[in-house]
Amino acid sequence: MPEHSVTVRNVATLKVARVGRVEKTDDPLRPFRLIDADGTEVAAVSEFLHHMLADDASPTSLRSYAYELLAWVRFLRAVDVPWHLASRVEARDFALWLKTTKKPPRRRRPDAPAPGSVNPVTGKATPGENYAARTRRHARAVIRSFYEYHRETHGRPLINPFPQGRAADEGSPNAHHNPMQPFRQPSRRGAYQPREPKPTPRIIPEQAFNDLFAGLKYNRDRALIAFYISTGARASELLGVPQGLVSPGDQTIGVVRKGNQVLQHLPASTDAFVWLRLYQQELHGMVPKHPSEPLWWTLRRPFRPLEYDAARMVFTRANQLLGANWTLHGLRHSAAKRMVRDPNLTLADVQWVMGHAHITTTEIYIAPTPDEVVAHVLAHHERQRAEQAKPPAPPASGYRPEVLAALFGTSAVGGENR
């Protein structure tokens with residue numbers, strides 16, 4: 001019988017050109033579109049994004065999915081395979097290519113740390129040269145959902161290049177379990193899917209946060225960071241707050257949640273509102289004042305709404321003074337950790353404030369940080385040392401010391417031979 005031939009590509013030498021782009025449009029029904037190397041719109045991707053929008057996906061999700069599909073389209077162009085004819089071979093090679101290729105070079109400061117190096121202050125590694133496992137998992141999930149949509153809607157292509165995890169096809173593997181046999185543990189990882197990294201939220205220690213806060217120069221920045229650390233809101237959520245959603249009397253600030261786009265009024269600290277008031281007084285009469293106008297503005301003329309990149313640079317400048325590499329998202333992790341430590345707050349309270357869909361996401365903050373574990377174990381060793389240094393207790397009344405010494409040695413009665 002003739003053997004089946006399988007295409008074997010050397011992905012190490014594969015040249016994937018950075019052609020095509022993702023365009024933002026003014027069409028509210030199609031806010032983003034994918035343009036291929038020839039300058040034409042990829043209709044299959046536009047249809048899929050339109051479906052996502054109808055399924056209540058946020059604009060940020062549409063943009064993220066469009067960029068992941070752009071990488072897939074570029075790869076298929078490099079291997080000369082149309083998207084609807086891609087097979088498991090292309091899925092395999094794409095997974096290998098993402099795993100081994102280096103990310104496109106970016107402009108870096110001359111004093112920027114080397115990719116993958118560990119910051120001596122925070123213990124946090126800088127992004128490496130290759131794509132992280134989370135990035136590769138997200139790309140696989142996006143492409144798989146793209147093909148599943150077209151299979152369910154149009155009946156083509158016949159197969160999805162990225163198969164579902166085996167657990168979905170096994171049904172209930174223990175439905176007719178033999179009590180003499182161990183329970184089967186179905187595999188939930190699909191083919192060409194990177195292993196999921198264990199979530200390890202980076203918490204900014206109290207003293208490090210105080211040092212970071214002291215390095216801020218402006219009341220606007222102090223107000224912004226104070227709201228981040230007390231509300232746990234995401235960076236984009238807090239930057240999008242209009243003036244009308246700030247309620248100092250109730251001590252709350254309204255944010256639109258990233259996932260479900262629901263308005264939620266989050267409680268914030270008193271200090272945050274004090275710094276906010278000082279910042280607003282400084283810009284009084286210089287920026288528009290209206291409930292629908294943005295709350296956060298740049299500090300230089302012409303005044304513009306503060307965007308994420310500008311807010312990140314505020315944090316970067318404070319980091320540089322300390323030689324650290326904390327992030328804005330680290331403030332969200334730190335806020336969650338602070339609330340979890342409070343015995344008067346339930347885990348459900350923290351879940352609501354953080355906007356987590358599942359309480360299992362909130363539970364990751366219950367685990368102690370490495371610094372906490374080290375401190376607890378060192379305290380344990382100190383207690384052990386102090387306990388051993390204590391002199392032995394004297395014998396109870398009614399026992400003769402010389403009899404105990406004869407039976408157990410002088411150490412039993414406080415002698416020197418311990």
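Of note:
- Surface composition of the chain: carbon plus sulfur atoms hold 54% of the accessible area, using a 1.4 angstrom probe and ignoring ligands, DNA and RNA.
- Nearest 10 degrees, 0 to 90: helix 133-154 Cα axis against the chain principal axis: 40 degrees
- Here is the size of the stretch 1-106 from its Cα atoms: Rg then Dmax, 15.8, 58 Å.
- Label positions at H284 and R317, each projected 7 Å from the Cα along the C-beta direction, are separated by 2.4 nm.
- Out-of-range pairs (alpha-carbon distance over 25 Å; input K99/K198; K24/K337; K24/K102; K24/K289): K24/K337; K24/K102; K24/K289
- Counting only alpha carbon atoms, the long axis of helix 308-322 and the longest principal axis of the chain meet at about 40°.
- Net dipole in debye of the chain [+1 Lys, Arg Cβ; -1 Asp, Glu Cβ; about Cα centre; nearest 20]: 1060 debye
- Area projected by the alpha carbon convex hull of the stretch 190-339, averaged over all directions, nm²: 11.1 nm²
- The length gained on full extension between T270 and A310, counted as 0.36 nm times the residue separation minus their Cα-Cα distance, comes to 11.9 nm.
- Point-to-point label distance, R106-F303, nm (Cα→Cβ direction, 7 Å offset): 3.1 nm
- Förster-model FRET efficiency, 45 Å R0, A393 and T153, C-beta, rounded to 0.05: 0.05
- Probe 1.4 Å, protein heavy atoms only - accessible area per residue of the chain in square angstrom: 63 Å²
- Sorting D26, D111 by accessible area puts them as D26, D111; the probe is 1.4 Å, largest comes first, and only protein heavy atoms count.
- Whole-Å semi-axes of the ellipsoid equivalent to the stretch 103-166 (Cα gyration tensor, √5λ, descending): 39, 13, 8
- Between the residues M286, Y67, L96, the greatest Cα displacement towards the positive end of the dipole of the chain, with unit charges on the Cβ of Lys, Arg, Asp and Glu, is found for L96.
- Contour minus Cα-Cα distance for L407 and V89 (0.36 nm per residue): 106.6 nm
- The distance separating the Cα centre of the stretch 76-108 from that of the stretch 323-401 comes to 44 Å.
- Angle of helix 43-54 to the longest C-alpha principal axis of the chain, folded into 0 to 90 degrees and rounded to 10: 50°.
- If you plug the beta carbon distance of N119 and T369 into 1/(1 + (r/R0)^6) with R0 = 22 Å, you get a FRET efficiency near 0.90.
- Principal semi-axes of the equivalent ellipsoid, √(5λ) from the alpha carbon gyration tensor of the chain, are 49, 37, 22 Å from largest down.
- Length gained on full extension, V256 to A379, computed as 0.36 nm times the residue gap minus the Cα-Cα distance: 39.9 nm.
The values are calculated or read from the model by the stated rules, or taken from the named source; none is laboratory data. Note that this is a predicted model, so its numbers are computed, not measured. Glycine also receives a Cβ, built like all others from the backbone with ideal geometry; neighbour counts cover every protein chain displayed. Keep in mind that these areas ignore ligands, DNA and RNA; they rest on the heavy atoms of the full protein, side chains included. Shrake-Rupley method; radii C 1.70, N 1.55, O 1.52, S 1.80 Å.
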